[in-house]
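Below you'll find the structure, written out as structure tokens, and then a few comments.
The values are calculated or read from the model by the stated rules, or taken from the named source; none is laboratory data. What you see is a predicted model, and the numbers here were worked out from it, not measured in a lab. Reconstructed Cβ throughout: ideal geometry from the backbone, glycine too, with neighbour counts over all protein chains shown. Ligands, DNA and RNA are stripped out before the accessible areas are found, and what is left, the full protein with its side chains, is counted by its heavy atoms. Shrake-Rupley method; radii C 1.70, N 1.55, O 1.52, S 1.80 Å.
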Amino acid sequence: MKFIKRLLLTGIKKSPWLLHFDCGSCNGCDIETLAVLTPVYDAERFGVINVGNPKHADIFLVTGTVNRKNQEILNNLYLQIPEPKVILAVGTCALSGGIFAEAPNVIGGVDKIIPVDIYIPGCPPKPEAILEGVLKSVELLEDKVKNGKI
Amino acid sequence: MPKTIIPFGPQHPVLPEPLHFSLTVEDEIVQEAIPGFGYVHRGLEKLCEIKDIHKMIQVVERVCGICSKIHALCYCEGIEQMMGVEVPPRAKYLRTIWSELHRMHSHLLWLGLFADSFGFESLFYHFWRIREKILDINEKTAGNRIIVSVNILGGVKRDLSTEDQKWILAELKEIENKLEEVKDTLFKDYTISKRTKGKGILSAEEALYLGAVGPVLRASGVAQDCRQLQYAAFSELDFEPVIAQEGDSFARMQVRYFELFQSIDLIRQALSKIPEGPISVKVKGYPEGENVFRVEQPRGEVFYYFKANGSKFLDRLRIRTPTFANVPALAKMLTGIELADVPVVILSIDPCISCTER
Amino acid sequence: MEKFSYKIINLQDLLTQVKELREKKYRLVSISCTQVEEKFELLYTFDLNLSLKHLKIIVAKDTPIPSLTCIYEGAFLLENEIQDQFGLSFAKLNIDYKGQLFYPEKNPLFLKNNK
Amino acid sequence: MPMFLKLFLFLLSPFAIGVILGIDRKLTAYLQSRIGPPIFQPFYDLFKLLGKESKTSDYWLSFCAYVYLCGAITCAFLFFLQADLLLIFFVQAVGSIFLVLGAFSVSSPFSQIGGQRELFQIIAYEPLLIAVIVGIYLVTGSFEISSIYKLNYPLLAKLPLLFLILTFALTIKLRKSPFDISASHHAHQEIVRGVFTEYSGSYLAIVELAHWFELVFILGLISLFWANSFFMSTILVFLTYFLEIIVDNITSRLTWRFMLKNAWSVGIILALINLIWLYKG
């Protein structure tokens, strides 16, 4: 059974579904993430769909800083995504808190709450960079499948 | 059917942002809508106590990525007014040009998301394709696509060369043509008017009473636009606020669509009148006292309150953003509508949650 | 742009003054709170046809401030925000988040000696 | 047609549907000035989902997914056996109902509302399908599909209005704009993904596969309207589907109230006109 599952999952690199969560960012990274899906960059070429439902997602794309109120939601969404999954932190804020690191209600980067696989720096990162990150995460997904970590 | 409480957000496919509404729904009719906040709150107003007045420009630019340039404009003009700094005329014009470009990018973004909210995917993609042109202009002239950091206290950082100006005019012409193309679809399509006309009606009286600002207010027939306050170079440019009478989602779309043309016109005027000269002056010393400043953002009036004590750091910086002012009106509009119309009505105020919570 | 000036009024006169402004069709723009040592300054800003009017009250931490929500319904957000950030309390708020609008628990982070 | 050929065609049908859906996505992307995914994308998605971990909160939910699949497969199989149309219709209805039951069995409000809307959709298109089947009966004098193949003229000539109604039902069944109300293939929706919200991993794949088999039935029904020529029936199916894609791209999502009103009033009137015309003529 496990073997069949793994065989089926070899196709995962061709169909990475994405869940985007704005976790307290300034919108800059969010609109760039959305721009990745629109005509000029067209991530659907690679089978990427923004599903908006954690239960259907493979890639969890998080932008922005973590604060006291959204840390729980971030964790919930993370737990709802079925394996195998990859977590992508987009933008300086998601990496470390960025310019807001010292603000009173900011806890810090996304990796303080959930494990992060790929970091994309930039304020905001350009859509090309986000697309590159998504494709890198696809490779990572494939690795996870091959190493039997499902 | 019993009452169901539907959580709209904080993570939701229609909204890129974590706005939260608890909707009490009966037969798919919303009975009560209570907004919930705090998912984007960072408390950046307090950063003014540890970052000096020059560094704060970068912070206020990140109040919201979509209107970052205009936040910085408001902050700079407010502090300059307190300190009595006279900005060179060329800098004023450049500020105007960039802020209008920003308004266009924000409105195009909104038109796309709005089309998405009623399930018109191809229109969404179309607007976002047009928007990329503005982002190209931003990238070429200011070095970044979205967070355009050109303002400093006393002027601007970057200049526009003559070639750049010519190129901007050529691009604007193309954008104008592309916008004309979608006009018929936007205003005459049966399904669009079916989904937007008469949804989320707000009368002028109610709008003023609930403190609505910007396109929400103007779509209810109140001709109030903070650009009439003549900050930056708006005193020398000729424009009329765009208004509509119906006060529904369709009227708000109409206002924003025509404001795009207004912005194109303003940029053209500014480029034809722009004087030669320096682009910034040196600012010495630190501000003291209190001041308020208002500018018009794509979403409406943004209000800054400054309190300074003559030191490097501000005592208090308070930002009242347009979405914050529009939320009470939104909560009112949401009661009594169908669940299917909720995303349409929420988007019709152009919510910007990172602005709202700061 | 007009010059900034404000009028300091007593806490008891607030509601009557605001009611007068409401009758003149003023729009509530903002309430800005500033901590000045142990006291708090609340700046109420109103707008009529793009000209501003400011009223200021100075209160101590424990004094309950009358809520404007009986005059301007939309003031609840502004007041809840101040309640959250500075730990002040407003009397007769129509929608009271009890200090949990922005934070999961009561924690006035904007107080000067808090952080 | 010999039995083994029927079986072969039946086994082939989901692959055909997968390719059609792939072309659909490609064409839609083209209309939105994008490049779009590869044509075999629906298969990639399906296989990936089958392999993924399933997080299902309720056994009832997974049971419903299986019943929905069984219903759809039986329905498609009976169609290839050229069985009784009425029987096929009721088997299909049972499958759809289980999708709704599954959506109702979980407490997620999105799923609940999605289930309700799916019910409204079923209410909207079932009478239309019945009208079409009755029309076919009036022409051929039998509910058997095989009798349609014995006609020497296309059904379309006798039932043009009922064909229109069938395309209406097809839009609802395909979950395309303007009727992508209970769930849609675009995720941008007010109720997330409606009835599909709670399914994940392999169960989502099962539901998706069931949806493909449903399409086999609906597209098969369309092909019946020009049954006497294999070539023309293929053309008819593709043309209709192409029209659906165009309509999907030039309309926004409407509400279920609108759908119900129009499906019933316009649909029933058109059906009646066609049936009366048949009766008189």
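Note on the stretch D:1-47: residues that are open to solvent by less than 60 Å² (accessible area, probe 1.4 Å), more than 21 Å from the chain's Cα centre (by Cα) and in contact (Cβ under 8 Å) with a residue 24 or more places away in the chain total 1. Within the stretch C:1-41, the set of residues being within 11 Å of another protein chain (Cβ to nearest Cβ) and assigned to a helix (DSSP H, G or I) comprises just one member, C:22.
Part of a helix (DSSP H, G or I), of a type in the set (S, T, N, Q) and within 14 Å of chain B (Cβ to nearest Cβ): does that describe residue D:92? No; evaluated as a whole, the condition is false for this residue.
For the stretch A:23-72, the set of residues classified as of a type in the set (A, V, I, L, M, F, W, C) and more than 8 Å from chain B (Cβ to nearest Cβ) consists of A:36, A:37, A:43, A:46, A:48, A:49, A:57, A:59, A:60, A:61, A:62, A:66, listed by residue number. Among the residues of the stretch D:90-105, the ones that are open to solvent by 10 Å² or more (accessible area, probe 1.4 Å) and out of contact with any Gly (no Cβ under 7 Å at 6 or more places or on another chain) come to 5 in all. Can you find, within the stretch A:76-134, the residue that is nearest to the other protein chains (Cβ to nearest Cβ) among those that are touching a residue at least 40 places away in the same chain (Cβ under 8 Å) and of a type in the set (Asp, Glu)? Once the filter is applied, the top-ranked residue is A:83.
The helices (runs of 4 or more DSSP H) falling completely within the stretch B:270-358 that include 2 or more residues that are more than 14 Å from chain C (Cβ to nearest Cβ) and surrounded by 24 or more Cβ atoms within 10 Å (Cβ to Cβ) map to B:342-348. Considering the conditions (1) at pLDDT 85 or above; (2) open to solvent by less than 10 Å² (accessible area, probe 1.4 Å), residue C:86 is excluded by exactly one of them, (1).
Out of B:223, B:207, B:212, one residue alone is closer than 19 Å to residue C:28 by Cα, surrounded by fewer than 18 Cβ atoms within 10 Å (Cβ to Cβ) and within 14 Å of chain C (Cβ to nearest Cβ). It is B:223. Residues in the stretch A:4-16: is at least one of a type outside the set (Lys, Arg) and within 24 Å of residue B:67 (Cβ to Cβ)? No, that holds for no residue. Residue B:129 fulfils the conditions (1) farther than 30 Å from residue B:272 by Cβ; (2) within 12 Å of chain A (Cβ to nearest Cβ); (3) of a type outside the set (Asp, Glu) except for a single criterion, (1). I need the full set of residues from the stretch C:42-59 which are of a type outside the set (A, V, I, L, M, F, W, C) and in a loop (DSSP other than H, G, I, E, B), in order please. C:49, the sole residue that qualifies. The test for being in a helix (DSSP H, G or I), within 7 Å of another protein chain (Cβ to nearest Cβ) and either over 18 Å from residue A:132 (Cβ atoms) or in contact with a Gly (Cβ under 6 Å, 6 or more places away or on another chain) (or both) holds for residue A:9.
Scanning the stretch A:7-32 for residues that are hydroxyl-bearing (Ser, Thr, Tyr) and open to solvent by 10 Å² or more (accessible area, probe 1.4 Å) returns a single hit, A:10. Has the stretch C:85-94 got any residue that is within 13 Å of chain B (Cβ to nearest Cβ) and part of a helix (DSSP H, G or I)? For the stretch C:85-94, residues within 13 Å of chain B (Cβ to nearest Cβ) and part of a helix (DSSP H, G or I): present.
For the stretch A:56-79, give me each residue that is open to solvent by 10 Å² or more (accessible area, probe 1.4 Å) and over 14 Å from the mean Cα position of the chain (by Cα). Once the filter is applied, which keeps residues that are open to solvent by 10 Å² or more (accessible area, probe 1.4 Å) and over 14 Å from the mean Cα position of the chain (by Cα), the stretch A:56-79 yields A:68, A:69, A:71, A:72, A:73, A:76.
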